[in-house]
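Worksheet for the structure shown next.
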Amino acid sequence: MKGGSKDYWFVLTAESLSWYKDEEEKEKKFMLPLDNLKLRDVEKGFMSSKHVFAIFNTEQRNVYKDLRQIELACDTQEDVDSWKASFLRAGVYPEKDQVHERFSIRLKTTTRLETVFSVVIDFSDTLQAKTHFRLVPKLK
């Protein structure tokens with residue numbers, strides 16, 4: 001099997017993504033300019049516990065050595081989301097399909113939440129009206 005993963009220390013700036021051997025940042029392994037790069041989600045492997053996303057070049061060039069994309073793995077989804085947000089601030093955006101898909105999912109979720117919220121409010125109003133009705137003394 002070709003490849004494998006290693007732990008590196010990554011530093012993201014507005015112009016590049018650099019990785020180092022460790023946190024001391026003394027031994028730089030590579031510096032990748034952010035020009036023409038985009039992000040894409042990578043499905044989790046069958047036995048993998050890591051959360052993965054990839055960086056690729058929009059002009060179909062190799063990103064690093066003979067690799068068309070670099071897959072970055074994090075321990076948690078929150079770490080992946082944090083990295084993606086940092087890439088967005090640096091001007092590296094997700095593939096267009098993913099943006100559209102996330103927007104439509106978010107829109108559907110928002111619509112469903114609004115519907116549930118409306119039903120809860122209606123039920124709450126009905127329950128409150130019945131409770132007040134019981135508290136009012138009956139006139140004979």
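So here's what we get for this one:
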item: Evaluated over the range 1-73, the Cα radius of gyration and Dmax, each in Å; result: 12.9, 36
item: Amide H within-cut-off set for Leu17, under 5 Å, with H built and near neighbours excluded; result: Leu32, Leu34
item: Aspartates and glutamates with Cα under 20 Å of Lys29, excluding same-chain neighbours fewer than 8 positions away; result: Asp7, Glu15, Asp66, Glu71
item: Neighbourhood net charge (14 Å Cβ-Cβ; Lys/Arg +1, Asp/Glu -1) for Ser48; result: -2
item: Cross-link pairs beyond the 18 Å C-alpha cut-off, checked among Lys6/Lys84; Lys26/Lys65; Lys65/Lys96; Lys38/Lys84; Lys50/Lys84; result: Lys6/Lys84; Lys26/Lys65; Lys65/Lys96
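No lab work stands behind these numbers, since they all come straight from the coordinates. Please read all numbers here as calculations on a predicted model, not as lab measurements. Cβ: placed from backbone, ideal geometry, glycine included. Neighbour counts: every protein chain shown.
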